[in-house]
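The values are calculated or read from the model by the stated rules, or taken from the named source; none is laboratory data. Keep in mind that this is a model prediction, so the values were computed, not measured. Here Cβ is always computed from backbone atoms with ideal geometry, including for glycine, and neighbour counts include all displayed protein chains. SASA here: full protein model, heavy atoms, side chains in, ligands and nucleic acids out. Shrake-Rupley method; radii C 1.70, N 1.55, O 1.52, S 1.80 Å.
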Amino acid sequence: MRALSSLLLLVALPVALSVKTQDFKTCSQASFCRRGRALASRAQENVSSWKSPYSVDADSLAISSDQALFTARVKSSLYPDIKFGLDVRVHDDGVVRVRLDEIDGLRKRYDEAASWALVAEPKISQDIKWTVGKNEVRATHGKKKDVEVIVAFEPLKVTLLRGGKEQVVLNGRGLLHMEHFRTKLAAQPSDIPEEALDAEDAQTVLSANNPRSWFEGDSEDGYWDEQWLSWTDSKPKGPESLSLDITFPNHGHVYGIPQHATSLSLRTTTGESPYYTDPYRLYNADTFEYLADSTMSLYGSIPLMHAHSADSTVAVFNAVGSETWIDIAHPTPKSTETQWISESGILDVFIIPGPTPEAVFEQYARLTGAQALPADWSLGYHQCRWNYVNSDDVRQVQAKFDEEDIPVDVFWLDIEYAEEHKYFIWDKKNFPDPLDMVNDVSANARKMVVIIDPHLKRTSSYPVYQEAVDNGVLVKTKDGNEYEGWCWSGSSAWVDFFNPTSWDWWKGLFKTYPIEGKFTWVDSTEDVHIWNDMNEPAIFNGPEISMPRDNIHHGGWEHRDVHNINGMLFSNLTSQAVMARSDPPKRPFVLTRSFYAGSQRFGAMWTGDNLGSWEHMAVGIKMVLANSLSGFAFSGSDVGGFFGNPEPEMLVRWYQVGAFSPFFRAHAHIDTKRREPYLLDEPYKSIVKDILRLRYSMLPIWYTTFREASVRGIPVVRPHYVVIPHDEKGFAIDDQFWVGGSGLLVKPVTEKGVTETTVYLPAEDQVYYDYFTHQAYRSAPKGKNITVPAALHQVPLFIRGGSILPTRERPRRSSPLMKKDPFTLRVALDKSGNARGELYLDDGVTYNHREGQIVWREFKASKAGKGIKLSSHDLVRAKPTDAVDGVALASYNPTNDFAKSIAGVRVEKVVVLGLEKKPTSVKVAGGKEVTFEFIPGVAASGKKEGVSSVLIIKDPAIPEMHLYSCFRMPFGFVLVLASDPF
Amino acid sequence: MVPWVLLLLPLSAFSAVDKTHGVPPSLLASYVPTKDGSQEIWTCIDGSKVIPWSAVNDDYCDCPDGSDEPGTGACPNTRFYCRNEGHIGAFIPSSRVRDGLCEPACCDGSDEEPGVCPNKCKEIGEAYRVKQAAERKLRKTGSKIRSSYIAFAQKEKKRIEGEIASLENEIVSREKEVARLKDIADHAESLSATALEQKKQSPLYQSLLAHHRALKSLQCEHKKHLEREKSLGDILDRLRTGYNPNYQDMAVLEAVRGWEFHAGLPHINDVKKDDEPSTEDESETGKDEEEELEPGMWTPQQLEHQLDELLDQDYESLLLEHDKHVGATEHSDSLLYNLSAYVPEPLLPQFEAFQNALVSWLELLGIVKPSKSDAADDSRAKKAYNDADHSLKLTRDELTKAKEDLSRLFDSNWYGKDGEWKKLDGTCLEKDTGDYTYEVCLFDEARQKPNKGGSTFSLGRFAHWNNGPGVEVGSPEYYSKQFYIHGTKCWNGPQRSVVLELECGTENALHTIAELEKCEYKITGTTPALCLPPDEPEKPREEL
């Protein structure tokens, strides 16, 4: 009854917060979460006598003939007649998959979540041998055979050990509980509407001497139909929730489980004086004007949690699609306990063994896929607003950017382009000439992104809706009728993308040419890409602004079973549609607001409708980092804040944040003043222009980083713990981060009135160069805080010693127009005079890279004799299986067509930071001397701080940036360029 | 090395660019080498650096001012000049040089490497000249109309000057009349003042005054409430019709339902969009049930229409008339007092003057007693005076207005120094966009009128021309924009406003309407008032 009374309290009190918190449930307002937490507190109260009722029936244990997996019966002492099946398998990279399901139950639990998340059926390890003992079954694996999985029989407990140390423990605290399907007893008091009951009657009080009450409690709390504000969830299947405790006994930091507006290192929600009172919630929701520090659920859910310590990194991926709450506690600073409470579905947990952050990313990417390699132009700047009101408005915005010579790649159209919000259908009053408009944008090598939402206006004159009706692919109510809800388009229906019939139909809609007898988007071109919004789904008149949980999807599954997966299918299908509309296919760009594990395979995400406040700017960085850790690397938050009118200072700072986000878009609500960069007064306008140009100059770095993300799953922006895993001081840092493996460290300022800021240099003996001033700072083996200038025009940006950065420094209108531009190499020497960097290039739009149409070079500076040799190597040849996403290159020709197409592209300038003294000469291979300029300064090798020495080599005259050549810079100070045989 | 690599070597990097490529004619003289011993050198335009002549246009930026790369785009933030022979020379930003796109501004294709962009200057130059000719023609026609506007302004000047003269005359005569009537009124007043003062002490009168004040205050309050109720009703109406059942906001829903109940409207979601008006009409009839009134109480209609009349009563007159009704009339008024009733109307003022003078003499001599009805005469005289004074004021206002009109006529901040905009003062232009018709009455007000019923919103009143930074008052750019501000406030938003962007055209017309930000409209249109006579013959600059 606690729920009902607090609910009444909420209704009675006018709440004046920005977010309508009362529109969203707290744990105590969701019966299954209440039950899960109550279970945990009972266990806590009886900690000495507590023992999980679940045990493995050792006699039923069956190991498959190839040793790959074993299955066994699991029993619950509470319900001896109910049968559960356990399935444990080890993948060939050491990931342990644990599944538990009710067998021969009254109904079937939802067991398809993993099938949507996984990129393919994982390969099972071939060199595992299970050893069955009296009390447990165990297996070791790993190269050093130092990883061990132990499944204890009574009670059931799964432990992953490395080097004898416990890494991950399932059901170690005995909170595993799979509520079996049961029949509703007739004449339960809960048949009476809840509000008619007083507190005590709301729950069915079980008989006092119920033998299960020690575990399940003594009441049936919200087992059957459940009331929430004005909605009733009929819950025809009754209770079916799942509770599981996952413990990391030797890890003091956990990360991930996006999406929440919260710090990167997750805070406690339970245990002693927790930071938050409610568990982290995963239930995709359109949380209007969300709070900047909360465990409330937001638009997307990835049930992946990393656990990190100085010597070990592991993770768990809990493949569940229903609403899930996660409690976190640190019983000691070096350990973490979690409890996962889900509304429905089977137990399907992947234990990801690590042992390093990078290994975890690779293992997770093998499960759910890596970030799709984006079209290169989509890494440029995106200009959005709700709304550019007509086609001339779009043209004028473009003209203004060009007048001010500010780069931009993409113009966006929000919902008002569509007549009555019937997506695909242009409002011809304001957009009479959509194709001409798009072509005018394309003429400057730019693109457009146009919104397509999942709600279809219910009117037979709307062909997309009518075809959906005809194909029978709309979501149904619990009674089997077409579900109707309210959204932008008024009375609307939703496509059920779980229904395979919808797939080809949806893909067909995006064809840009007419097809007899069906709707195709002839009023668009291949330069129109797509934005998928409102796919949580957001439904204005639905419970928690979403879909009733008892709605029915394909296969008879309830919406509650698939809610968190729902948004992913929409954007994934759209992405495939955009890919398939051209022949040969081109890389699609699809931005999604809602997402799930696996969404990264198909596009980009953003953090939804943020507020124009400093807090939201700051938390946006943390949210992007959390997403990056969870596989979805192509992420960003709206520059400027969706709501509100940011002052110029805030807008400038936000552009500095955006310029270092993988996805970089400015967006604004319809009620806001226009704030395109050209509208700013000086000095703000020039500052923003410089930031945008900085982003564009660094696009080669971003793209190279995305290559790595797309192959190995390593994030594009990386928090400290990922880059320096042993540095404990960096584990909770989430306001500065690294751009891929480039060696760029950035700390965007997210506070008002700042002129200087503190930057943490990690625990290593290394030199860090200010990107702009070349000021050299020294880190220390224990880490060090430095104070650096950070006036409005300055973004604290550093190059870690030992890095080589390829940039393109010529400002252009849009990124495709930079393709023929020369490169500049920044060589930031480390203490011992070495450095390395990478550059990846392909055509940026097609899939020809999968056929080896690429250039992937490594640049290396190293001491050679009395000089420094700067050389370039072909990385494709060195690592053909690791070069591109999706396929291992069978054949590779260094003089492939793409490489030939950029043969005219050269390195125009080499900047070397941290040389000891002026070179006597700089030579390219073959002995030709080239012009250079040397500005004396601090050397990398010393201990001094101050402006570093700078060597600028003019035009080393390597005609092809490459490819077949390398630089050498022998000491005595010569830079020799020599031919690299191939 | 593979042979094809060698083949590619001569491309871009080594392809020499002419040293004066991208240099405008005015700077050609600066792009010549000087000798330094055997070496040819060159000094950056800003004098900051000396570089080898070979470094000019070598696709590498050497000079801090970027002057060494006029033709390659290697130096950011510089300009590239294309000669466009056969057309007009043009500058483009360095960011567009060799970016793979043929710049429309560089019809000779010189912005890209040779062979990439065709030279289209002949046809583009031709088309440009045709377009120029058409524009000139348009401006010529437009400027003729504009001349007629200027002529109109001259006529207006004469007219207003005439008006001013006649108004000034009128004022002189009216002033005399007012002075005369004032004398009479003052005189009458002095006669009745004492009696009146005495009567004013009557408790009845005092109570009446108190009632009057109370009623007046009440009426004032009532009006405020009515206005408040009206604007609240408007807000709620707009909420009701405009709200998205967004986010299941119970507060909004309750407000809408509450208002519907209160105002007797059907629930908006039950109303079919198509037959909305009729449904609403039906619902509105019979919603105001007549309340039962106590006998003698005023109906709302009476309150609305007759209360003002009641409050406008001249209580002093009433007070003076009062005596007639309370039986104080022991003797009938002497003929002398009432003689005026027999005097022909035209003679009345003279007669009254005479009568007043006579009576006062007689009274003074004690021959006649002061008449009880003298007060009525007094108030009549006062009224005559007030009326005349009011007319005088109106005439003076007219004069002020006329003088203002005259001063604005050739004021650059108003109708232009030639008065070319005067013709359009109050001219209303309309544009139907389907849902709404937009109307701009120039120099007055802009409005949005819904085509399918509903209330018209003011989008603002004329405030000023384009007074943006750097815009010279009276320049064509100055007259290219009109600002209309302080229109009806958007609920939950700013007051509506309009920027009217005008350009030369032979017709006064509105072309496009766009709400670029919420409640801020951009309207474009044409007017001949902006058509300056074309300079003959037009000479394009830097034409080669």
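Listing for the model above:
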| quantity | calculated |
| --- | --- |
| Cα gyration tensor, the protein assembly as shown - rounded (a/c under 1.5), prolate or oblate | oblate |
| Efficiency of FRET between A:Thr71 and A:Glu154 - r from beta-carbon atoms, R0 22 angstrom, step 0.05 | 0.80 |
| Solvent-accessible area of B:Cys220 with every protein chain in place, 1.4 Å probe, in Å² to the nearest 10 | 70 Å² |
| For the stretch A:600-687: relative contact order, % (alpha-carbon pairs under 8 angstrom, 6 or more apart) | 29 percent |
| For the stretch B:26-89 and the stretch A:867-921, distance of Cα centres in Å | 32 Å |
| Overall form of the stretch A:465-573 per C-alpha gyration tensor (a/c, 1.5; a/b vs b/c) | prolate |
| Förster radius 56 Å - calculated FRET efficiency between B:Thr34 and B:Lys452 (Cβ-Cβ, nearest 0.05) | 0.15 |
| Cut-off 19 Å (backbone N to label point 7 Å along Cα→Cβ of B:Asn386), residues of the stretch B:212-234 | B:212-217 |
| Potential lengthening between A:Asp671 and A:Ala399 on full extension [0.36 nm per residue; Cα-Cα distance subtracted] | 95.6 nm |
| Solvent-accessible surface (1.4 angstrom probe) belonging to A:Phe731, in square angstrom, nearest 10 | 10 Å² |
| Inter-centroid distance (Cα atoms) of the stretch A:538-580 relative to the stretch A:484-506, Å | 9 Å |
| A:Ser49-A:Leu185 FRET efficiency (beta carbon distance; Förster radius 35 Å; 0.05 resolution) | 0.70 |
| Estimated inter-spin distance, B:Ala16 and A:Ser460, nm [label 7 Å along Cα→Cβ] | 7.8 nm |
| Length released on extending from A:Ala310 to A:Lys129, taking residue separation times 0.36 nm less the Cα-Cα span | 62.1 nm |
| Rel. contact order, % - alpha carbon contacts under 8 angstrom, at least six apart, chain A | 9 percent |
| Accessible-area value, A:Lys860, 1.4 Å probe, nucleic acids and ligands omitted, Å² | 90 Å² |
| Nitroxide proxy distance, nm - points 7 Å out along Cα→Cβ at A:Glu682 and B:Asp435 | 4.1 nm |
| Full-stretch length increase - B:Asp411, B:Leu239 - with 0.36 nm per residue and alpha-carbon distance subtracted | 57.5 nm |
| Residue order for B:Asp432, A:Asp523 - accessible surface, 1.4 angstrom probe, largest first | B:Asp432, A:Asp523 |
| Part-to-part distance (alpha-carbon centres) for the stretch A:418-476 and the stretch A:337-385, which is given in Å | 31 Å |
| Helix-derived mean residue ellipticity, 222 nm - over chain A, DSSP H n ≥ 4, -39500 (n - 2.57), to 500 | -5500 deg cm²/dmol |
| Estimated distance in nm for a label pair at A:Ser442 and B:Ala214, the labels positioned 7 Å out from Cα along Cα-to-Cβ | 8.1 nm |
| Largest to smallest accessible area among B:Trp259, A:Trp377 [probe 1.4 Å] | B:Trp259, A:Trp377 |
| Helix A:559-580 vs. chain A, principal-axis angle (Cα, 0 to 90°, nearest 10) | 30 degrees |
